[in-house]
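Student: Take a look at the following structure, please.
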Amino acid sequence: MTESRHTKVLVVGGGVGGYVAALRAAQLGLDTVLVEGDRLGGTCLIRGCIPSKALIHAAHRFAEMGELAALGISAGPPRLDLAKTVGWKDGIVDRLNSGVAALLAQAKVSVIAGWAVFSDAKTCAVETIEGPLTLTAEHVILAAGSEATALPTLPFGGDVLSSTEALNIPDSPKHLAVVGAGYIGLELGIAFRKLGAEVTVVEMADRILPRHDAQLSRPVRRWLDRHRVALHLGATVTGLDGEGRLAVATGKGERLTVAADKILVTVGRRPRTQGWGLDAMGVEMDGPFVMIDDQCRTAMKNVWAIGDLVGEPMLAHKASAQGAMVAEIIAGERRRFDPAAVAAVCFTEPEIVSAGLSPDAAKAAGEDATAARFPLSASGRALTLEAGDDGGFVRIVAGRSDQRVLGIQAVGRGVAELAGEFAHALAMGALLEDIAGTIHVHPTLGEALGEAALLALGRGLHV
Ligand code: FAD
């Protein structure tokens, strides 16, 4: 027999968007049900942000063991047991997954394990382990996330991996081909290079990290060149040849093959809109994404959508922020999603942080802006971290007349941790003087932001 249940708030998807929405709704006293078909934590916790950063950290530790001689430290050659590394990574994932379950239980969110399939905007069926269940709700929050995009010429399977499989392989490939030089492909490609794999990157655009400006991506390009990562830019993958080698058409009309034992395809992610009845819900689409307004309302009354399902930037912290906001609006608060900046980090070597407008984006937006760059080679802290010689810098972009900060970006080892200060400055509507007048702790990388602001004001001290 099919059980039925009605709730005030029904959240579909227990990723970082959905579980935060459910948690916040329950905290606000709303009767809340969360349906998750796979594992709580979604892409980010289970097969995205966290496992990739664990692998990147392990690869960094492995690589640095071979690079300690300049510091007067010597040790035997490092050996890798990748299965053990993957086990360590899985331990972190399991811990966070149970942490999310505990938080939801504590907040009295009712979590239902199973896939929701909608028959209309407010009704879904879930096949649970106890039997079929029909759920109806006053408000539905869609947080179904995204999935890796496959290339028609190179479907996933066998040695052709998505990021999910790449994060779970027990042996490091001898030769890894990475198709797509966006942040996910380069983060993982660099990690495997550090673990000793030969790496070849194939990218359709004429440069790596095409979403970042050339100044920011140049130090990463330099690292790839120095570490003999083969790059084929402006090149298209046409499939596998008869011997399982990657077939590539270069921009110059040449054809070549790459004999890799694993091929990682990271050509983008697409919203998960198929197979769960979205078309029966009366929402409207914006290209491949669910269309929303600035409160995450869809075209259907009391159906909300958040996270990767609704478009770029496809980032965990954006999904969570939207989730919390929607819960608060349902509870009667007045909220709007209009952040001054959703900062983004590439955990490449070196790292890139980008918040707000780049100089080019400011120009395109019609701003009369000024920009200043402080090189990390002039930062004492960067030198003590061996981070001064990779071409890194902190850059600040501000309105020429009002000195309002429009954007802050950085590239360099360890700069990811500056993302919070960058986003904070933009969220507070900081002026250059606010940043220049903040006493930054010495010696820290954060001083470079203060110095960049001083430079923009024409009062640079350390360059
Ligand atoms: P998801 O996390 O995808 O969660 C959606 C959930 O919904 C899933 O658990 C799914 O099982 C469930 N679901 C879907 N349909 C149904 C249904 N019908 N019924 C029940 N359950 C359903 N972002 C960052 O900000 N920083 C990073 O460093 C970063 N690194 C990444 C690295 C990799 C390798 C990848 C792949 C992604 C990375 N991301 C990163 C992106 C980030 O993971 C996503 O932006 C984020 O997970 C989106 O959250 P979400 O809640 O919208 O969707």
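Student: I need the full set of residues from region 21-31 which are more than 15 Å from the ligand (Cβ to nearest atom) and open to solvent by less than 60 Å² (accessible area, probe 1.4 Å), in order please.
Tutor: Answer for region 21-31, where residues must be more than 15 Å from the ligand (Cβ to nearest atom) and open to solvent by less than 60 Å² (accessible area, probe 1.4 Å): Ala26, Leu28, Leu30.
Student: Check off (1) in a loop (DSSP other than H, G, I, E, B); (2) within 30 Å of Ile330 (Cβ to Cβ) for Met1 and give me the number that stays unchecked.
Tutor: All conditions pass for Met1, except number (2).
Student: Does region 81-88 contain any residue that is within 25 Å of the chain's Cα centre (by Cα), among the aromatic types (Phe, Trp, Tyr) and surrounded by fewer than 19 Cβ atoms within 10 Å (Cβ to Cβ)?
Tutor: Yes; the residues of region 81-88 include at least one that is within 25 Å of the chain's Cα centre (by Cα), among the aromatic types (Phe, Trp, Tyr) and surrounded by fewer than 19 Cβ atoms within 10 Å (Cβ to Cβ).
Student: Within region 156-178, can you find the residues that are buried (at least 18 other Cβ atoms within 10 Å of the Cβ) and part of a strand (DSSP E or B)?
Tutor: Listed by number, the residues that qualify are Val160, Leu161, Leu176, Ala177, Val178.
Student: Please find, among Ala340, Ala387, Ala299, Ala331, the residue that is under 26 Å from the mean Cα position of the chain (by Cα) and closer than 30 Å to Gly145 by Cβ.
Tutor: Of Ala340, Ala387, Ala299, Ala331, the one residue that is under 26 Å from the mean Cα position of the chain (by Cα) and closer than 30 Å to Gly145 by Cβ is Ala340.
Student: Can I ask one more? Test Ala365 against the stated conditions and say whether it is under 30 Å from Val229 (Cβ atoms) and either more than 13 Å from the ligand (Cβ to nearest atom) or assigned by TED's automatic domain parsing to the domain that holds Gly182 (or both).
Tutor: no
Student: Another question, if that's okay. Could you count how many residues in region 14-42 are out of contact with any strand residue (DSSP E or B) (no Cβ under 6 Å at 6 or more places or on another chain) and not in a strand (DSSP E or B)?
Tutor: Selection size over region 14-42: 13.
Student: Also, quick follow-up: Any chance you could count how many residues in region 204-217 are crowded, with 17+ Cβ neighbours inside 10 Å and within 22 Å of Thr250 (Cα to Cα)?
Tutor: Of the residues in that region, 3 qualify.
Student: Return the only residue of Ser110, Ser4, Ser52 being surrounded by 15 or more Cβ atoms within 10 Å (Cβ to Cβ), among the polar types (S, T, N, Q), under 24 Å from Leu278 (Cα atoms) and at pLDDT 95 or above.
Tutor: Ser110
Student: Do you know which of the residues in region 429-448 that are touching a residue at least 60 places away in the same chain (Cβ under 8 Å) and among the aliphatic types (A, V, I, L, M) is least open to solvent (accessible area, probe 1.4 Å)?
Tutor: If we take residues in region 429-448 being touching a residue at least 60 places away in the same chain (Cβ under 8 Å) and among the aliphatic types (A, V, I, L, M), then Ala448 is least open to solvent (accessible area, probe 1.4 Å).
Student: Which numbered condition in (1) under 20 Å from the mean Cα position of the chain (by Cα); (2) open to solvent by less than 30 Å² (accessible area, probe 1.4 Å); (3) not hydroxyl-bearing (Ser, Thr, Tyr) is the only one that Arg39 fails?
Tutor: Unmet for Arg39, out of (1) under 20 Å from the mean Cα position of the chain (by Cα); (2) open to solvent by less than 30 Å² (accessible area, probe 1.4 Å); (3) not hydroxyl-bearing (Ser, Thr, Tyr): (2).
Student: From the list Arg245, Arg269, Arg255, Arg334, which one is under 26 Å from Ala425 (Cβ atoms) and open to solvent by 60 Å² or more (accessible area, probe 1.4 Å)?
Tutor: Exactly one residue qualifies, and that residue is Arg334.
Student: Would you mention how many residues in region 4-20 are of a type in the set (A, V, I, L, M, F, W, C) and over 19 Å from the mean Cα position of the chain (by Cα)?
Tutor: 4
Student: Here's another thing I want to ask about it. Among the candidates Thr128, Thr134, Thr149, single out the residue that is surrounded by fewer than 17 Cβ atoms within 10 Å (Cβ to Cβ) and under 19 Å from Gly307 (Cβ atoms).
Tutor: Only one candidate qualifies: Thr149.
Student: Next up: Inside region 277-294, can you point out the residues that are closer than 14 Å to Val326 by Cβ and open to solvent by 40 Å² or more (accessible area, probe 1.4 Å)?
Tutor: Passing the criteria: Ile292, Asp293, Asp294.
Student: Restricting attention to region 96-111, does a residue exist that is within 10 Å of the ligand (Cβ to nearest atom) and either more than 26 Å from Gly131 (Cβ to Cβ) or among the charged types (D, E, K, R) (or both)?
Tutor: Within region 96-111, none of the residues are within 10 Å of the ligand (Cβ to nearest atom) and either more than 26 Å from Gly131 (Cβ to Cβ) or among the charged types (D, E, K, R) (or both).
Student: Restricting to region 179-203, what's the tally of residues that are without any contact (Cβ under 8 Å) to a residue 60 or more places away in the chain and either open to solvent by less than 10 Å² (accessible area, probe 1.4 Å) or part of a loop (DSSP other than H, G, I, E, B) (or both)?
Tutor: The total comes to 5.
The values are calculated or read from the model by the stated rules, or taken from the named source; none is laboratory data. All values reported here derive from a predicted model rather than from experimental measurement. Here Cβ is always computed from backbone atoms with ideal geometry, including for glycine, and neighbour counts include all displayed protein chains. We work out accessible area using only protein heavy atoms, side chains counted, and drop any ligands, DNA or RNA first. Shrake-Rupley method; radii C 1.70, N 1.55, O 1.52, S 1.80 Å.
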